[in-house]
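Written out below as structure tokens is the structure these notes cover.
The values are calculated or read from the model by the stated rules, or taken from the named source; none is laboratory data. These numbers were taken from a predicted model, which means no experiment stands behind them. Note that we place each Cβ from the backbone using ideal geometry, even for glycine, and neighbour counts take in every protein chain shown.
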Amino acid sequence: MKSCPKCYRTHPDDAAFCPHDGASLVSASTLPAANAEDRRVGMRLGGRYEVRRIVADGGMGRVYEGIDKETNTRIAIKVLHDDVARDEVALARFKREYEISSQLGNDNVVRVLDFQRDEAAGAWILVMEFLDGEELRVILKRDKYLPPARLVRMVSHVAFGLDAAHANQFIHRDLKPDNLFLSGSRDGGVTKILDFGSVKDKNTNAKKLTVMGTTIGSPYYMAPEQAQGLDTLDARADVFALAAISYECMVGTVPFTGNNGPSILLAILTEDPPPPTQKGKDAKYPIPPAMDEVMELALAKNPNHRPKSVGAFADAIGHAYGLTGTHADWAKMPLPELTKALESAVVPPGAPRATETATEADPFAAPAPDPFAAPLGRASQGPQGQHAPAPPSAPVFVPPSSHAHSADGARGEAELAIAGVPTKSPAWLLPAIAGGVVLVLAAVAILVMR
């Protein structure tokens, strides 16, 4: 391994210059670790993990960059804070994260390499692969929005990671921008899911670390059933969380807000978020109208109305932007190529292209078909948790400024218009009605006089 004499970052042996400051790299073995007041810098933990520099501080521990001297690879070392290390449940969660990561072996889940106590240092350490890039939270704080191509690619990668976890009966339960890491590279990099420490293990013999009725997760992205602490939650809780994250990436704000945790959870349980096209009308990147239906279903209160898998949700996101294929195709597509595909995509009827503004779309185009359409006769969730009958098979005209929950009168008028029934009264209609009423009244008067 090589190291930068300025920032002390480590790099592969074939690297020549540090991309962060341009300094010439030298052999890490000849360069002392970064000067720091932290006594752990320069130490070798677990007998093999050399600590090179401090990376970040978190609520659970301090993260260092290091070198695994046995494999000569770059690693991240999290040393747990003393108060966390004294908490048996917290320790059990870190151990579970290590065990689950080992079982999954998925390219879109961060690899946790070791979890042990270093007696000499008096600390518990969690060793992971080192990632270059940024957490999604950092990107959203800086840029507020995520470009459509990057969003599609990210959601596709997350689908691979979460669907693999769900197949093994693991529900993440704490999906949020802080736990999605976007690595940087010319082709768009790889999205990694972090922190499986709060996972719900639905396997028969799984050890329960959470008391019944306890809520775990970040309030802004928590599914209603999770907010209630229900033990019945399944993969669709993660679908809800990823939908809330995607909404934030497009609109610039979370779908549910509040002044504190309880008020946010109340909003999740009782309110419907504004459609993305309405809330994000001034967003940096145009949002296709077809996305309203995708989000309405993915953020449904009733989990039975949501997509059954993260992969199905990822497919719906891409199709709303007009892409063909599935998330399996988009996950492997280099970002520049995916950007071009979005620019030339055949967008669903009524939806603007990813590079158009909403006003450039055809205002008379029919809306996109429901990507998660239910069989005829099944009720779909309507506003405020009510249930409306399944939509008619005929297309319905919806003005661009409207959304799926327009007033009944306006929607009825639109349905008449598309069916060929005039919605404006002809000039002769009112006189004819008045004359008819006069004749009826005259007839009644004659009958009374008799």
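Screening segment 57-83 for residues that are small (Gly, Ala, Ser) and modelled with pLDDT of 90 or more and picking the one that is surrounded by the most Cβ atoms within 10 Å (Cβ to Cβ) gives 66. The residue list 111, 117, 86 contains one member that is buried (at least 16 other Cβ atoms within 10 Å of the Cβ) and basic (Lys, Arg), which is 111. Note on segment 246-336: enclosed helices (runs of 4 or more DSSP H) holding 2 or more residues that are small (Gly, Ala, Ser) and touching a Leu at 6+ places or on another chain (Cβ under 9 Å) are 310-320.
Within segment 91-132, being touching a helix residue (DSSP H, G or I) at 6+ places or on another chain (Cβ under 7 Å), outside any strand (DSSP E or B) and more than 19 Å from residue 193 (Cβ to Cβ) holds for one residue alone: 91.
Is it true that residue 237 is in a helix (DSSP H, G or I) and touching a Leu at 6+ places or on another chain (Cβ under 6 Å)? When the stated conditions are applied, residue 237 does not pass them.
Restricting the first member to segment 181-192 and to residues that are outside the structural domain of residue 109 (by TED's automatic domain parsing) and loosely packed, with under 13 Cβ neighbours inside 10 Å, and the second to residues that are of a type outside the set (S, T, N, Q) and not in a strand (DSSP E or B), the beta-carbon pairs closer than 7 Å and six or more apart or on different chains are 184/132. Looking only at segment 333-367, residues that are modelled with pLDDT of 95 or more and among the basic types (Lys, Arg) come to 1 in all. Is at least one residue of segment 304-324 touching a strand residue (DSSP E or B) at 6+ places or on another chain (Cβ under 7 Å), over 21 Å from residue 157 (Cβ atoms) and surrounded by fewer than 23 Cβ atoms within 10 Å (Cβ to Cβ)? Looking for residues that are touching a strand residue (DSSP E or B) at 6+ places or on another chain (Cβ under 7 Å), over 21 Å from residue 157 (Cβ atoms) and surrounded by fewer than 23 Cβ atoms within 10 Å (Cβ to Cβ), one finds at least one in segment 304-324, hence yes. Checked against the criterion of being aliphatic (A, V, I, L, M) and either on the phi > 0 side of the Ramachandran plot or in a helix (DSSP H, G or I) (or both), segment 227-234 has at least one qualifying residue. Apart from one condition, residue 125 fits all of (1) surrounded by fewer than 20 Cβ atoms within 10 Å (Cβ to Cβ); (2) farther than 26 Å from residue 156 by Cα; the exception is (1).
Scanning segment 137-159 for residues that are surrounded by fewer than 23 Cβ atoms within 10 Å (Cβ to Cβ), part of a helix (DSSP H, G or I) and not charged (D, E, K, R) yields 138, 139, 140, 151.
Annotation note: of 80, 140, the sole residue that is aliphatic (A, V, I, L, M), in contact with a Leu (Cβ under 9 Å, 6 or more places away or on another chain) and outside the structural domain of residue 51 (by TED's automatic domain parsing) is 140. What number goes with the only condition from (1) crowded, with 22+ Cβ neighbours inside 10 Å; (2) part of a helix (DSSP H, G or I); (3) of a type outside the set (A, V, I, L, M, F, W, C) that residue 163 does not pass? It is condition (1) that residue 163 fails.
Just one residue in the set 283, 267 is on the phi < 0 side of the Ramachandran plot, surrounded by fewer than 21 Cβ atoms within 10 Å (Cβ to Cβ), without any contact (Cβ under 8 Å) to a residue 40 or more places away in the chain and more than 15 Å from the chain's Cα centre (by Cα); that residue is 267.
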